[in-house]
Amino acid sequence: MTFDLIIRNANLPDGRTGLDIAIKDGRIAAVEHGIHAEASRILDAGGYLVSPPFVDIHFHMDATLSLGLPRLNQSGTLLEGIALWGELKPFLTPEAVIERALRYCDLAVSQGLLAIRSHVDICDDRLLAVDALLEVKRRVAPYLDLQLVAFPQDGYYRSPGAVDNLRHALDKGVDVVGGIPHFERTMADGAASVRELCEIAADRGLQVDMHCDETDDPLSRHIESLAYETKRLGLQSRVAASHLTSMHSMDNYYVSKLLPLMAEAGVAAIANPLINIVIQGRHDTYPKRRGMTRIPEMRDQGIVCAFGHDCVMDPWYSLGSGDMLEVAHMAIHVGHMTSREAMRFCYDAVTINPARIMGLEGYGLEPGCNGDLVLLQAKDQIEAIRLKASRLAVVRRGQVIAETPARIVHLQLDGRPNKVDPATYAPIEI
């Protein structure tokens, strides 16, 4: 048999080493030692890590790369970012949104990021961003899975027209129901929005992904309502709560009740480490709260947890590079997740866990899965995060769609220049 692609001598995230991966007709045909066959292309992994592709479960593609339009966020705060986005919306054009989104998708693919869930603002009565990103989704489908969330940025009830706009966006083909209950005028309106939005998702057979309690206020507890509605409507495993930063500040006794409710309802948690730690805690002097939600505790409860990039060069965040290893790297530090096992979990939080939340079919590295993978210049997941490893090859359906030369790191040893390949440097065995 002739394969489309064979990757030889690969390490896998599950700890297996020295394996060959053969891909035929866009799917993985075999994963085993010593595949002796011909292929249209053969890559030697050289003992480096072959991983399923990175997945960004939380992003805002309608705003990406718009930094400086119409002005910069001077305070760096969430509220100024929302206000700034409101200033920009009337001047958006479909062409500009599409062009920026496509540029970002190209960047994402070069980083081995082949699936993205993007929230799209539906509070503009033109639904301009919705139409633009639906067109982007169509164009990038051959090389990237793009899932869209109907997001009422200015509040489902608070923004005039958002109730109708959200339904129209779903009618157009947007995939997921979104919300932002903590931005409604009252706690009661927030809870009511959770109920109605979950009912819409249940009626249409859709998933839910809500910006939930993205605040330092420990009394913002809409996650409790979301867990309740998830169970009441039978939406288990179809609901995700994004941000959940208020939980960072909640009373520990209350959290001890809340986390089992989330686990019982099957609600997934999505943190955005880069953004959460710079947006939250802005009213604090010292000590300053970190802002990121309680990922280690959620994980201990069996709650599915994942990390998103959230923003890249937009009204909320002037930095970002589309690198999910940077996201995992930050999560390790801010979440005190530095055990070997916890660091591997952080890698899962930008690969297999978000793929599970998105419901991606054919994701993985077993025979029968899609031939989508990334070859990293690292021996394992921990080294990949530590080095933010080069993506030596990115493969989509068995075709190499991006390549990067191996990287050499220059070090000074005893005053003498030396060249060390960090991926072949033998670490201390632990």
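The values are calculated or read from the model by the stated rules, or taken from the named source; none is laboratory data. Nothing here was measured: the structure is a model prediction, and the numbers come from that model. Backbone-built Cβ (ideal geometry, glycine too); neighbour counts: all protein chains shown.
Computed quantities for the displayed model
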quantity: Candidates Asp216, Asp203, Asp300, filtered to the one that is under 24 Å from His119 (Cα atoms), surrounded by fewer than 23 Cβ atoms within 10 Å (Cβ to Cβ) and free of Cβ contacts under 8 Å to residues at least 24 places away in the same chain; calculated: Asp203
quantity: Criterion violated by Asp314 - all others in (1) modelled with pLDDT of 95 or more; (2) in contact with a helix residue (DSSP H, G or I) (Cβ under 7 Å, 6 or more places away or on another chain) satisfied; calculated: (2)
quantity: Segments classed as strands (runs of 3 or more DSSP E), wholly inside region 34-84, with at least 3 members that are of a type in the set (A, V, I, L, M) and either touching a strand residue (DSSP E or B) at 6+ places or on another chain (Cβ under 8 Å) or more than 22 Å from Phe151 (Cα to Cα) (or both); calculated: 38-44
quantity: When residues of region 135-146 are limited to those that are assigned to a helix (DSSP H, G or I) and touching a strand residue (DSSP E or B) at 6+ places or on another chain (Cβ under 7 Å), the one nearest to Ala96 (Cα to Cα); calculated: Val136
quantity: Cβ-Cβ under 8 Å pairs, at least 6 apart or on other chains, region 8-30 side not assigned by TED's automatic domain parsing to the domain that holds Arg344 and part of a loop (DSSP other than H, G, I, E, B), far side of a type in the set (Phe, Trp, Tyr) and surrounded by 20 or more Cβ atoms within 10 Å (Cβ to Cβ); calculated: Pro13/Tyr347
quantity: Residue list for region 155-205, filter: assigned to a loop (DSSP other than H, G, I, E, B) and either of a type in the set (Ser, Thr, Tyr) or within 24 Å of Ser237 (Cα to Cα) (or both); calculated: Tyr156, Tyr157, Ser159, Gly173, Val174, Asp175, Ile180, Thr186, Gly205
quantity: Enumeration of residues in region 111-129 that are over 27 Å from Asn165 (Cβ atoms) and not in a loop (DSSP other than H, G, I, E, B); calculated: Leu113, Leu114
quantity: Some residue of region 3-18 being among the charged types (D, E, K, R), under 28 Å from Val149 (Cα atoms) and surrounded by 16 or more Cβ atoms within 10 Å (Cβ to Cβ); calculated: no
quantity: Candidates Tyr286, Tyr363, Tyr317, Tyr347, filtered to the one that is of a type outside the set (Val, Ile, Thr) and assigned to a helix (DSSP H, G or I); calculated: Tyr347
quantity: Flag if Arg100 is more than 20 Å from Gly368 (Cα to Cα) and either without any contact (Cβ under 8 Å) to a residue 24 or more places away in the chain or basic (Lys, Arg) (or both); calculated: yes
quantity: Sole residue being over 30 Å from Thr186 (Cβ atoms) and among the β-branched types (Val, Ile, Thr), chosen from Val140, Val149; calculated: Val140
quantity: Restricting region 222-245 to residues that are in a loop (DSSP other than H, G, I, E, B) and within 23 Å of the chain's Cα centre (by Cα), the residue that is nearest to Arg289 (Cα to Cα); calculated: Leu244
quantity: Residue among Ala108, Ala150 that alone is among the small types (Gly, Ala, Ser), at pLDDT 95 or above and in a helix (DSSP H, G or I); calculated: Ala108
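Residue-by-condition table, conditions (1) under 17 Å from Leu133 (Cβ atoms); (2) in contact with an Asp or Glu (Cβ under 9 Å, 6 or more places away or on another chain):
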site	(1), (2)
Ile35	no, yes
Ala39	no, yes
His58	yes, yes
Leu67	no, yes
Glu80	no, no
Arg103	yes, no
Gln111	no, yes
Ile116	yes, yes
Val120	yes, yes
